[in-house]
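The values are calculated or read from the model by the stated rules, or taken from the named source; none is laboratory data. As the structure is a computational prediction, the values presented were derived from the model and not from experiment. Using ideal geometry, Cβ is built from the backbone for each residue, glycine included, and neighbour counts are taken over all protein chains shown.
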Amino acid sequence: MGFEEVRFEQDSEKALRNKSLQKALVNVTNRFRSARNKASEEVPDWEDLRTSAREIKKETIENLDKYLLILEESVKRTGGKVHWAKDAEEASRIIVGIAREGNVKSVVKSKSMATEEIELNSSFEDAGIKVVETDLGEYIIQLAGEHPSHIIAPAIPKTKEDISKLFSEKLGIPHYDKPEELTKVARERLRSEFLNADMGVSGANFAVAETGTIVVVENEGNARLTTTVPKIHVALVGIEKLIPHYEDLSLFLTVLARSATGQKSSTYVSFITGPKRSTDIDGPEEFHLVLLDNGRSKILASEETRESLYCIRCGACLNNCPVYRKVGGHSYGWVYSGPIGAIITPQLMGIDKAPELPFASSLCGACHDVCPVKIDFPKVLLELRKNVVESKKGGTRVLERLGIRLWRFTVEHESIYKITNKLSYYFQLPWKGSNGKLNSLPYPFSRWTDQRDFPAVAKKTFRETWKEIKHEAG
Amino acid sequence: MQLNNPKRPLKVYIFITCLVDTFFPEVGESMVKVLKALGVEVDFIEEQTCCGQPAFNSGYQDDARVVAERFLSIFDKTLRDEPGKDTYIVCPSGSCTSMVKVFYEDIFKNSPELLNKVRHISQKTFEFSEFLVTVLNTVDVGAEYSGVITYHDSCHLLRELGIKDGPRELIKSVKGVEFKEMELHDACCGFGGTFSIKFPKVSVSMLDEKIECIINSGADTLVSSDMGCLMNIGGALSRRKIPVKVMHLAELLAKRG
């Protein structure tokens, strides 16, 4: 994804005008939301599970250096290879290098946000290696040449008519109307891709330090095929995906599935520990774990925002976010969207690349309420807002800075505060409409009054009224 | 409707938000009326202006800290000057109350002395409905109003302070009121302070959904506990000439037959 700068306001307005996107967003987020609510209410100690999950993640992230080395040892012990990638470019170079060494012509991929993050597909294509996405949603998105707009439902904006047209154009087949027919076509095409592929690339939902096990959660079976059929399996995993102990998995798999889709468990949960052993009938001959930093250690260094790394990518914050539900994933400018995108994109890409994102929230806190690891989104957003104001980009906010200065000077002095209110009362009169409210104000307040009335400053403020009512009996 | 035999005299210092002071003084008056009717001594410290939230939420934490410190010293001193009474701070806003009770902890996390003041004030500070229900132990304040009411959960009151049932109980106890819960009653109205002018189109699209829910509820009156939300929702209702009345909970509770 050619990433220069996030343009949230511009892109969100485009999304708001897109009627079919608006319809799709309501449908999908409502479905996920009610499924998640039901699934969490079924578990009597749900809140305790969230607390435990947070505690484990906190302890892990605080001791990430130690656990990463344990993970490396464990993977080596089982016959796998471990690679460390400091950024996107290095990660792509390592993975394309593994492919070249194995004389790989064709790659199948299961859904992975980390590979989206490093734009792995374009690196493969540049190297002349064919790469095919095998998650149905990702397959559709790849055919359309687009990018995912939701962590677990990447093809949200696409209707079945869109997909029918797309398949017909790209795969040279007739128009099919029924989702079953379209799925069947994709399944047939993908099956041959699996059988011909020399390498499978996956992400991971969890990497278990003590056993070196990679856990992949999915509903289509494509990740299982990706990680078992080709002779080489590469897993690209962000360093924050680590959990210390195998026994922690039951907790995390429970909160992940229920938060993401409302399922008790995903249809497929694959536990992959090293390459094929001598006693195994099948499985890949080589297993490579590529550990990706790409800005994560910068987040780790910030005590205030470190909890951003607790995320297990369930997508519940997206489905419950009143902003995401209107603007969709692409408005957030990069692979991660919704509240989690608003907090990690500015941190991973640099705050100057996405200065709008920490402000792209009403701070309503619905995300915090549903997060399975209780990330305090409002708190992190507020911290990032502070960072924006203090950054280079923040320096360009002349009007806002002036406004804040004036406000501060006013509220620091009661006498000035009172005079300001009095002056505002008379100053506002030209804008006062017949309904007693202000109907149109100059910029920047016009951004309010274009579609809403603004209340008028009262003729008598409360403090003036107080003098009259303070001695009144109750 | 009177207090259950209070052991010590009870005094409330009202914390009037800058929005209420400047734009909606009737909300402050109503709150005073309700509290006095319940036998509470009410006082207002005129030096108070703002809690600092506008700057804090916009990322200007240094400016916010200066204003918050001013707020803190005014109220800390006042409460310490009244040793013989049970003193409280009561505010007609979930948002400004949570600024003091939740976010001041963050603002002053590196100043132990100020943090002590924050904690002293925090335990004495209550949002208006919370004060009635948990301190005065009252849900029926003797109000009367004829109408169908729906309630909008303001985000900070609901999620930062965890207050959900109290305001509903208070509304339902008003004589003559029929209460109707709307769909998505806990969804943000799109206000979010400066969010509403930074991203007006997104803000209004959230507001559209809220207004649809209000209309579908069949209510003729919308009640909430924060004037921020109500000036946003009310601003669109009046612009669109939708005949739903907008009222702060304090105003409702001050109504008499």
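Quick look at the values:
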| read-out | value |
| --- | --- |
| Every residue from region B:129-148 that is touching a residue at least 40 places away in the same chain (Cβ under 8 Å) and assigned to a loop (DSSP other than H, G, I, E, B) | B:Leu136, B:Asn137, B:Thr138, B:Asp140, B:Val141, B:Gly142, B:Ala143 |
| Leading residue by the ranking (surrounded by the most Cβ atoms within 10 Å (Cβ to Cβ)) among those in region A:418-474 that are within 8 Å of chain B (Cβ to nearest Cβ), more than 25 Å from A:Leu399 (Cβ to Cβ) and of a type in the set (Ser, Thr, Tyr) | A:Thr461 |
| Any pair with Cβ under 7 angstrom, 6 or more apart, that starts in region B:184-210 at a residue that is at the interface with another protein chain (Cβ under 7 Å from one of its Cβ atoms) and on the phi < 0 side of the Ramachandran plot and ends at one that is part of a loop (DSSP other than H, G, I, E, B) and acidic (Asp, Glu) | B:Pro200/A:Asp450 |
| Residues of region B:39-55 classified as more than 7 Å from chain A (Cβ to nearest Cβ) and either among the basic types (Lys, Arg) or surrounded by 19 or more Cβ atoms within 10 Å (Cβ to Cβ) (or both), total | 6 |
| Options A:Arg54, A:Arg93: the member that is part of a helix (DSSP H, G or I), farther than 29 Å from A:Ala257 by Cβ, among the basic types (Lys, Arg) and modelled with pLDDT of 95 or more | A:Arg93 |
| Cross-chain or 6+ apart pairs with Cβ under 9 Å, region A:240-267 first and among the acidic types (Asp, Glu), then outside any helix (DSSP H, G or I) and modelled with pLDDT of 95 or more | A:Glu240/A:Cys311; A:Asp248/A:Phe206; A:Asp248/A:Val208 |
| Among (1) at pLDDT below 95; (2) in contact with a Ser or Thr (Cβ under 6 Å, 6 or more places away or on another chain) - the single one A:Pro430 does not satisfy | (2) |
| Residue in region A:10-24 that is charged (D, E, K, R), within 28 Å of A:Ala207 (Cβ to Cβ) and free of Cβ contacts under 8 Å to residues at least 40 places away in the same chain present | no |
| Residue check for A:Gly333: over 19 Å from A:Ser112 (Cβ atoms) and not aliphatic (A, V, I, L, M) | yes |
| Yes/no for A:Gly403 being surrounded by fewer than 17 Cβ atoms within 10 Å (Cβ to Cβ) and either over 29 Å from A:Lys459 (Cβ atoms) or at pLDDT below 95 (or both) | no |
| Members of region A:245-271 that are under 24 Å from A:Asn63 (Cα atoms) and surrounded by 22 or more Cβ atoms within 10 Å (Cβ to Cβ) | A:Phe252, A:Val255, A:Leu256 |
| Candidates A:Gly333, A:Gly338, A:Gly350, A:Gly365, filtered to the one that is on the phi > 0 side of the Ramachandran plot and within 11 Å of chain B (Cβ to nearest Cβ) | A:Gly365 |
| Matching entry among B:Arg168, B:Arg159 (being assigned to a helix (DSSP H, G or I), within 14 Å of chain A (Cβ to nearest Cβ) and charged (D, E, K, R)) | B:Arg159 |
| Restricting region A:24-67 to residues that are out of contact with any helix residue (DSSP H, G or I) (no Cβ under 6 Å at 6 or more places or on another chain) and of a type in the set (A, V, I, L, M), the residue that is surrounded by the fewest Cβ atoms within 10 Å (Cβ to Cβ) | A:Val26 |
| Matching residues in region A:446-474 - criterion: being closer than 17 Å to B:Asp208 by Cα and of a type in the set (A, V, I, L, M) | none |
| Matching residues, region A:273-296, being surrounded by 16 or more Cβ atoms within 10 Å (Cβ to Cβ) and without any contact (Cβ under 8 Å) to a residue 60 or more places away in the chain | A:Lys276, A:Gly283, A:Arg296 |
| Selected residue (criterion: farthest from the other protein chains (Cβ to nearest Cβ)) from residues of region A:291-330 that are over 16 Å from A:Ser361 (Cβ atoms) and β-branched (Val, Ile, Thr) | A:Ile312 |
